[in-house]
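Structure first, commentary second.
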Amino acid sequence: MLLKYFYDQKLAHASYLVGCQKTKEAVVIDPGRDVEQYLEMAQREGLKLTAVAETHIHADYVSGARELADRVGAKLYLSDEGPAEWKYLYASNYDSELVKEGDTFQIGNIQFKIMHTPGHTPESISFLLTDQGGGADEPMGIFTGDFVFVGSIGRPDLLEEAAGIKGSAEAGAHQLYHSAERFKQLPDYLQVWPAHGAGSACGKGLGAIPSSTVGYEKRFNPALQYDNETSFVKYILEDQPEAPKYFAVMKRVNKEGPRVLGEAVFPPALDSGQLSLIANEALVIDLSPSATFAEAHVPGTINIPLSMLASWAGWLVDYEQPVYLIAEESQLSETMRVLHKIGIDQVQGVFEKKKVEEAGLALERYVSASPSELAPRIVAGEVKLIDVRSDSEWNVSHIPQAKHLFLGHLADQLAGVDVSQPVVVQCQSAARSAIAASIMQASGFDVINLAGGFQAWKEAGLATTTTGTVACGSAGGSTCS
């Protein structure tokens with residue numbers, strides 16, 4: 001048996017290729033939309049990718065299951081658990097097998113047995129793997145998807161928070177408790193292969209180690225220490241990170257079947273002469289580092305540095321509207337991979353960064369200032385302070401004069417902010433507030449970024465207000481910088 005691990009650091013997404021070296025067949029578990037990596041690995045190992053298996057309808061990235069079914073004829077093994085509204089609508093268009101609790105399927109001499117593990121979602125399943133080609137008649141590991149992570153467990157509130165299904169969070173929490181109890185009955189030696197690592201918004205406090213064992217998780221995973229259902233439900237529903245708005249879109253896309261991309265094609269390069277007009281009518285994202293954007297940028301554009309694109313594009317892009325980019329040619333491959341993986345398919349064109357600069361279109365800038373420079377003006381009310389951090393960070397501590405407007409919802413809340421008064425934006429370190437500064441400036445605000453953010457404010461010994469005890473780490477790592 002061959003087991004290969006793939007990890008997308010930007011989306012904290014893990015997927016796996018499992019191959020039977022005797023029959024030269026392979027299956028991919030929970031693939032992302034960037035399927036070339038699996039095809040290249042299979043070819044390198046002399047395997048034919050014949051199947052795809054998914055643990056559930058994913059909410060945080062576009063699945064590559066349909067892409068592989070269309071590209072190479074891979075058979076789909078998909079969950080048939082859960083209510084009617086959580087069935088795969090595109091499955092009948094491909095060679096597919098809908099599986100339930102206790103079912104098995106074979107990839108060569110490797111057996112996969114289905115274990116229904118609802119809670120994160122109603123249709124969630126896990127795959128117990130037995131390497132029969134090696135003579136084993138008991139499983140060696142379990143692919144848990146978004147059910148059990150290293151050091152955590154899948155959140156049950158996404159359907160309610162992101163998809164708007166009222167009452168599903170508590171119901172899912174109760175289901176998750178019983179799934180966890182079943183997990184505890186598995187042999188301690190079983191390896192655990194989850195679909196996410198640290199930084200994912202699919203749970204709280206995920207570990208950065210790629211795999212674990214059932215026994216280790218039973219001993220040290222906080223979510224598996226509860227023997228009382230009521231206490232577990234309370235624990236699992238508290239302090240979950242904000243559910244990105246695009247999660248609802250991903251659920252629908254993966255349920256209905258994402259558009260097949262085929263071979264990678266970049267959006268067309270556009271003439272810089274069109275840029276000013278387009279920036280007034282559509283969303284234009286400049287991928288420059290925040291310091292570069294602050295010094296000079298095209299009026300009306302917003303800034304999401306490439307390093308932060310996976311974390312924030314899904315929050316800030318309207319999936320129904322066209323998107324344009326200002327980027328360097330070297331950035332395009334990774335940019336389109338990230339955008340396609342979170343379902344942003346309406347990129348209509350790209351303006352080359354160098355040509356934009358040469359055309360003299362970068363006519364706007366914003367400034368940053370230190371806490372010591374801004375504190376007197378903030379205290380005196382000369383400027384309005386906007387804190388764009390998460391709810392959990394705000395609840396731990398914040399600047400007394402601040403107004404809390406979480407970055408992910410900032411654009412929807414600007415109508416309540418006085419545009420005639422200068423605005424200071426602030427996060428923990430000044431990274432997210434740089435994105436906020438670009439959004440507010442594009443909306444007509446006179447904006448200043450608080451250099452060093454809340455951390456620098458505290459280090460300067462300036463006043464803060466404490467209202468809670470939740471740490472940033474429990475709010476989903478990747479959005480807390």
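The values are calculated or read from the model by the stated rules, or taken from the named source; none is laboratory data. Everything numeric here is computed off the predicted structure, so don't read it as measured data. Cβ sites come from the backbone with ideal geometry, for glycine too, and all protein chains shown count toward neighbours.
What to note about this one:
- Within the range 34-75, considering residues that are charged (D, E, K, R) and buried (at least 24 other Cβ atoms within 10 Å of the Cβ), the one nearest to the chain's Cα centre (by Cα): Asp60
- Test: residue in the range 131-138 that is crowded, with 22+ Cβ neighbours inside 10 Å and not in a loop (DSSP other than H, G, I, E, B): no
- The lone exception for Lys234 - which of (1) in contact with a Phe, Trp or Tyr (Cβ under 6 Å, 6 or more places away or on another chain); (2) closer than 29 Å to Ala201 by Cβ it fails: (1)
- Residue within the range 416-433 that is in contact with a Gly (Cβ under 7 Å, 6 or more places away or on another chain) and not in a loop (DSSP other than H, G, I, E, B) present: yes
- Test: residue in the range 24-39 that is under 20 Å from Ile342 (Cβ atoms), in contact (Cβ under 8 Å) with a residue 12 or more places away in the chain, part of a strand (DSSP E or B) and not β-branched (Val, Ile, Thr): yes
- Residue that is among the charged types (D, E, K, R) and touching a residue at least 60 places away in the same chain (Cβ under 8 Å), where the choices are Asp446, Asp418, Asp412, Asp387: Asp387
- Residues within the range 198-217 that are surrounded by fewer than 23 Cβ atoms within 10 Å (Cβ to Cβ) and either among the aromatic types (Phe, Trp, Tyr) or touching a Phe, Trp or Tyr at 6+ places or on another chain (Cβ under 8 Å) (or both), tallied: 6
- For the range 297-306, the criterion of being in the same structural domain as Gly349 (by TED's automatic domain parsing), in contact with a Lys or Arg (Cβ under 7 Å, 6 or more places away or on another chain) and either within 17 Å of Gln321 (Cα to Cα) or surrounded by fewer than 23 Cβ atoms within 10 Å (Cβ to Cβ) (or both) is met by none of the residues.
- Residue within the range 221-230 that is loosely packed, with under 13 Cβ neighbours inside 10 Å and either touching a Pro at 6+ places or on another chain (Cβ under 8 Å) or among the aliphatic types (A, V, I, L, M) (or both) present: no
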